[in-house]
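Throughout, read-outs are computed from the coordinates displayed, never taken from laboratory work. Everything numeric in this text was worked out from a predicted model, so none of it was measured. Please note: Cβ atoms are built from the backbone with ideal geometry, for glycine as well, and neighbour counts cover all protein chains shown.
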Amino acid sequence: MEYLIHLAILLSIYAILGISLNLLLGYTGLISLTHASFFGMGAYVTALLLVHTKTSFLLSVLLGVILVMPISTFLGMISDQFNKNDYMLVSLGLNVIIFGLFNNLSNLTNGALGISGIPRPVLFNIDFSSNSNYLLLALVLLLLIYLFSHYIVRTSFGRVLKTIREDENVSKSFGFNTRYYKLVIFVITASMAAVSGSLYASYFSYIDPSSFSVTTSMLILSITIIGGLASLPGTLIGTLFFILFPELLRFVGIPSEEVFQLRQLMFGLIIVLLMMHRPQGFMGKYKL
Amino acid sequence: MNSILPQLLINGIVAGSIYTLIALSYNLIFKLTKFSNLAHGGVLMIGSYVALYLTQNSLANLWISGLVGMVLAGCGGFIIEKTTFLPLRKKGASSMVLFIASLGVMMIIQAIIVIIFSNQSWNLLSIDTISVTYSIFGGLISNTQVLILLIDVIAILILTALFKLTLFGKIVKAIGDDAETAKVIGIDTEKYTGIVVFIASSIVGLAGILISLDAGMEPSIGLGFLFKGIIASIIGGANNFLGPVVGAFFLGLIENVGIWKLRGEWKDVIAFVVLILYLSFRKIKTLKE
Amino acid sequence: MNNVKKVVISIVLVIALTAVIGYTIRNKSVSKPPSSESNPIVIGSILPLTGDYLSVYGVSIKNAINLAADESGANVKVIFEDEHGCTPADAVSAAQKLISIDKVKNIVGTMCSGSSLAILPISEENKVVVISPSATSKNLTGKGQYFLRTIASDADNSKALAKYASEKGYKKGAILVNSAQDSLVSQKDDIKTTFVDLGGQLVAEESYIASSNKDFRSQLTKIWSSKPDVIFVSALPDDLALILKQANTLGITSVIIDTDTSAGTQQLIDLAGKLSNGLIFPFNPVPTNKQYTDFVTAYKSKYGEDPSAYAAEGYDAMALMIKAILASKNGASDDVKKQLLQIGQGYEGASGVISFGSNGDVEKPINIMMYEDGKPIKAE
């Protein structure tokens, strides 16, 4: 039971990440590989605050978002003027740079040594050291973010995002300030990623830079694409697939050395096959 | 501190020479297929690991292994193009779809290599190979590095001759500039694309082999080298044939000389900062016009 | 819906293919418990078995653990879980699975300090005895009531090396560290502090990120320009071999001291050959020690290659764990720990003489070794 609860918490954390990227990629059409960096920022803010000060967990989440907002605004402004191809490379570059900062600014982040002993929150007199309680916390946050995203895509704001995705120039010609919309959604999704990072830090009690590298961004990208672009339920399925499948393989009895590589092989194959036959992902409604 | 500058310059030039091959070959494919092909990094590793397999099992000497590695890398890239990217392009897939597909292909190649060869790092030369160093302008360069530079220069010359001076090269340029018109004139764009992919893939395979000769190869670094090549081709100017060469040497130099003042762990950050700065300035320039 | 059907079928086929491939290449040498009516002792293990270059060590430790299990003659079943490189999150998943589903009460692992820190909350809460063969971070000292290690914490080795350098009269020291590996960074910090405290002068400090680049020449060039007497390198064997090679082509003549015990294994000699001459490194087993050589011989004859770094520590950890469980009453965790502390006093293991402190750390006699013609000798 504990094991399942653990998996459910993992699912919630990565589902939030997937949703955040889906809003950006599936609905607005921007391929961003930077979200692992915002994930990391949220994690580090929470980690540092909870370990060194008496800040409460929720406050640290808020502070994480507050930190991420101006940074993502700045980064968004740099990157959104590029065409799609360059945009993708720039976002990758930002991820590498921010990873470098996490790893090398060891006076702040402790570098590769990581930050350990991050406590679980105690809120409203409930102690979240128990995993089942933590799962509730994670699910509540996931639900809030899911509903919020669901709401965004239904409003006129969301409709404009979709027009930007289809053809930004046409959207501009209708009078929409596309740069504003792209920036706003970028900042919103970056903040979501930061929230997920805070959850991650407190749950695992230890973080280090390696969890926030380019590989993680590619994982989130894969989850979003395979689950389905512009489909929030699709993202949940995609996360389920990516997180559960390797765990299932633990039980099949294949020697562990090969399992990981076989899984990578399979993911690669699935990605290729999907691109060739169903590029919108399993439940997606939008083809790249 | 002046005394180390020559050495840093030499280090930068050697690094740049490897980036050159990656950048040139990447650009060749990019001009024709118009998408960021991550599988190119996988093809780089194919070249390297084929050569490893042959030398490790004493099936061939260094030169033959290298040659076979190049050819098989070329075949690998060609097969990938024909089975994956060409059908996708025919379906009208966008460049983003192709990019994602290339990510998948890269994952597959990397997984297969690790299953067969494990994650160890290795070098093409046996450890007993005697290394001779020469001193130039106050810096040291090893015979292996000189060899790498020579091979690099030869490759650049051959490629330049091929693509700038022959009819073949002109046709390829025409396809790159405007594929539709080329087809209308009657050029078999698919055939030429296939040939160029083969050549470019064998060149990037050569890059992989040179990396293995120089510092050493490990499955996890293939993608990183590809990114350096992509950065180099962008900052050098993708429209000029030799642009990527300039970009590559510039990148190699700035990485190595850049850590004169910074610590080595910032190397990757430097490369991407250069990219972002370049792209931003380019954008500002086009906005002004 | 035709397209979707095609995709679904392809995926089912891919999964089936994977399962078939996986089944046919399954490792046949999984540790088989000798037939016995009693229940087998179940021990869990979390190691990086795949993922990146660290998996080379993970697999070797796994082999050493299996070897120890076989040699113990007891009915032991080991469940290995992979953490895919040093990935704390995966280590936690592995620990959860081992503890809640497989119901293990004892774990040999993890290999990485970060992962060990990450699993401690769970293992402590469930009173699972954990012995790590290679997590050297001093952050782990005293962090777990049921956590022990068969490897000395970084701090001891590093201090001894800095002392050695100081006593040899090396005044100017430089550092080159893999800043992406927590244990190596920790060693570097300790060496730096001790060396400077003893009067040494730090003339250069350089770093690299192992997973992205194997070209250390510019860092070495910078270091060499300050002409240090000694260069402390904090790197694992594959990088170390490259560093030695590149330093050689740059004409560097400083004494090179590696701060990690992994330099003492055959792997380094295989990779660096003659270039290892003169390299100084810390090692806990005396390489001529009978327990160590017996272990290497047994490992080689079973697996056909030399054990990697940390394998000997894994071997000892497993052997001790089994002994302690057998000696305890019903394998209750408090009792197992008590037995470990008792048996592990002056225990002559393959990785050196093990004496657990009450906090679970070991203090091992540190040997400062030097390579000469591919053989390690005591450094004078």
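Just a few scattered comments:
- Note that the stretch A:66-71 has calculated 3J(HN,Hα) couplings of 4, 5, 5, 4, x, 4 Hz, one per residue in order, obtained from phi through the Karplus relation 6.51 cos²θ - 1.76 cosθ + 1.60 (θ = phi - 60°); glycine and proline are x.
- Counting Cβ atoms of other protein chains within 10 Å of each residue's Cβ and taking the mean over peptide B:270-277 gives 5.
- For chain C, the mean residue ellipticity at 222 nm estimated from helices alone is -14000 deg cm²/dmol, where every DSSP H run of n ≥ 4 contributes -39500 (n - 2.57) and the total is divided by all residues, rounded to the nearest 500.
- For chain C, the longest principal axis of the C-alpha atoms and the axis of helix C:182-197 are separated by about 30°.
- Sorted on the mean count of surrounding Cβ atoms within 10 Å across their residues, most packed first, peptides A:45-57, B:81-93 read A:45-57, B:81-93.
- Beyond 31 Å in Cα-Cα separation lie the following of the pairs C:188/C:214; B:91/B:170; C:103/C:159: C:103/C:159.
- The stretch C:113-157 and the stretch A:39-89: distance between their alpha carbon centers, rounded to Å: 32
- Ordered by the number of other Cβ atoms lying within 10 Å of each residue's own Cβ, fewest first, A:135, B:210 fall into the sequence A:135, B:210.
- Nonlocal amide H pairs with residue B:122, under 5 Å, H built at 1.01 Å: B:217
- For residue B:164, a cut-off of 22 angstrom between C-alpha atoms picks up these lysines, skipping any fewer than 8 places away in its own chain: B:31, B:34, B:173, B:183, B:191.
- Kyte-Doolittle mean at least 0.5 and Cα axial length at least 20 Å: DSSP H helices in chain B: B:5-33, B:39-56, B:62-80, B:95-117, B:143-160, B:189-214, B:222-236, B:243-258, B:267-288
- Residue B:285/residue C:145 FRET efficiency (R0 51 Å; Cβ-Cβ; nearest 0.05): 0.20
- In plain terms, the chain from residue C:274 to residue C:327 could stretch by 14.4 nm, reckoned as 0.36 nm per residue minus the Cα-Cα distance.
- By average C-beta atoms within 10 angstrom, highest first, the peptides C:71-78, C:253-260, A:222-229: A:222-229, C:253-260, C:71-78
- Residues with amide H under 5 Å from that of residue C:205, placed H, sequence gap 5 or more: C:175
- Gaussian network model of chain B, springs between alpha carbon atoms under 10 Å - residue of B:76, B:138, B:66 with greatest fluctuation: B:138
- By the Cβ-Cβ criterion of under 4.7 Å, the unpaired cysteines of the protein assembly as shown are B:75.
- The ranking of C:209, B:203 by Cβ neighbour count inside 10 Å, starting from the fewest, reads C:209, B:203.
- Subtracting the Cα-Cα distance of residue B:58 and residue B:177 from their residue separation scaled by 0.36 nm leaves 38.3 nm.
- Residue A:155-residue A:69 pseudo-label distance in nm [points 7 Å out on the Cα-to-Cβ vector]: 1.5
- A simple rule links phi to the HN-Hα coupling: the Karplus curve 6.51 cos²θ - 1.76 cosθ + 1.60 with θ = phi - 60°, which for the stretch A:72-89 gives 5, 4, 4, 5, x, 5, 5, 7, 7, 8, 8, 6, 4, 5, 5, 4, 5, 5 Hz, with x for Gly and Pro.
- Burial ranking of peptide ranges B:269-281, C:263-275, A:205-217, C:322-334 (average Cβ count within 10 Å, highest at the top): A:205-217, C:263-275, B:269-281, C:322-334
- Taking amide H as placed 1.01 Å from N in the peptide plane, residue C:231 has its amide H under 5 Å from the amide H of C:174, C:255, C:256, C:257, each at least 5 places away in sequence or on another chain.
- Mean-position separation - Cα centroids, the stretch B:6-76 and the stretch B:242-262, in angstrom: 19
- Each residue of the stretch C:202-218 was assigned a 3J(HN,Hα) from its phi angle through the Karplus expression (A = 6.51, B = -1.76, C = 1.60, θ = phi - 60°), giving 8, 9, 7, 9, 10, 8, 8, 10, 4, 6, 10, 7, 10, 9, 9, 4, 5 Hz with x at Gly and Pro.
- Nearby aspartates and glutamates by direct alpha-carbon distance to residue C:323 (threshold 15 angstrom, same-chain neighbours under 8 apart not counted): C:70, C:71, C:334, C:335, C:348
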